[in-house]
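J.: Quick one: structure below, then a few questions.
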């Protein structure tokens, strides 16, 4: 999966199709499994994780990563919702 920031919106590409949206919410859990191409620059080590654990999170402020790109915590699967 990839989420590509465009000038006014996002292109979300999966292995089956492409979607266009002006807002995207990425639910993610407390793990290191997340792999979404083109968003790696926003991934940081999880702030509340014990040292030595491979836990990650998106850099965000009140769930906002960048304008119109949000992260929702505590999800079981790294998927993407287009709004």
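J.: Restricting to region 43-73, give me the number of residues that are surrounded by 11 or more Cβ atoms within 10 Å (Cβ to Cβ), more than 12 Å from the chain's Cα centre (by Cα) and free of Cβ contacts under 8 Å to residues at least 24 places away in the same chain.
T.: Looking only at that region, the number is 4.
J.: Those residues that are in a loop (DSSP other than H, G, I, E, B) and closer than 24 Å to residue 12 by Cβ, I need them from region 47-59; list them, please. Quick ask: steps written out before the conclusion?
T.: Taking region 47-59 and keeping what is in a loop (DSSP other than H, G, I, E, B), we get 47-55, 59.
Residue satisfying the conditions is 59 alone.
J.: Also, quick follow-up: Could you say which residue among 3, 25, 12 is surrounded by 15 or more Cβ atoms within 10 Å (Cβ to Cβ), at pLDDT below 85 and part of a strand (DSSP E or B)?
T.: Being surrounded by 15 or more Cβ atoms within 10 Å (Cβ to Cβ), at pLDDT below 85 and part of a strand (DSSP E or B) holds for just one of 3, 25, 12, which is 3.
The values are calculated or read from the model by the stated rules, or taken from the named source; none is laboratory data. Because the structure is predicted, anything quoted here is derived from the model rather than measured. Quick reminder, even Gly has a Cβ in these numbers, built from the backbone with ideal geometry, and neighbours come from all protein chains shown.
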